[in-house]
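Nothing in this text is a laboratory measurement; each read-out follows from the coordinates by a stated rule. The structure displayed is predicted, hence computed values, not measured ones. For neighbour counting, all protein chains shown are included, and Cβ atoms are generated from backbone atoms with ideal geometry for every residue, glycine included.
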Amino acid sequence: MILTLLRDPDFTADGTFGTLTCGKLVLRTVEDDRKHNQRRESCIPPGTYILRRAWYNQGHYEVFQICDVPNREHILIHIANTEEDVMGCVGVGLRDGVLRVQDEDDPAHPWVSKKAVVNSGPAFHRFMETMAHVDVAQLTIVDPLWEVS
């Protein structure tokens, strides 16, 4: 199976957002900011990667891992609503929304309203159902802002 993640062409300080297409399934995504592929702080560079089934120890459930990202490891597609929920990974949701969260970018961690993807649990379950008979897949990430970030 071939998947495509097309990142939005607009900048937001609330993270990096996009659209994941997996067969007929279309989901919204949230990732960390574009920070030149910094470990645990950045979305990954655009390119084509292999996805493999993996286990998410923190969440205690099966996921897909994005493999062979230069200078990175353990990048997963998992349940997440905001950039606070991912550490270099990709979260999926059914649609865009706004949630109140403690801002990880501010040392005082104040409560703020941030752009988010919502209904992440149901979105992730739909993703895993779509990938039920797939152990290895290909993911292409397209990002029109990568060069200017």
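Structure values in brief
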| item | result |
| --- | --- |
| Considering residues of the range 89-109 that are buried (at least 17 other Cβ atoms within 10 Å of the Cβ) and out of contact with any Asp or Glu (no Cβ under 6 Å at 6 or more places or on another chain) only, the residue farthest from residue 58 (Cα to Cα) | 94 |
| Positions within the range 106-149 being in contact (Cβ under 8 Å) with a residue 24 or more places away in the chain and of a type in the set (Asp, Glu), in sequence order | 135, 143 |
| Residue in the range 14-23 that is nearest to residue 128 (Cα to Cα), counting only those that are touching a residue at least 24 places away in the same chain (Cβ under 8 Å) and more than 12 Å from the chain's Cα centre (by Cα) | 22 |
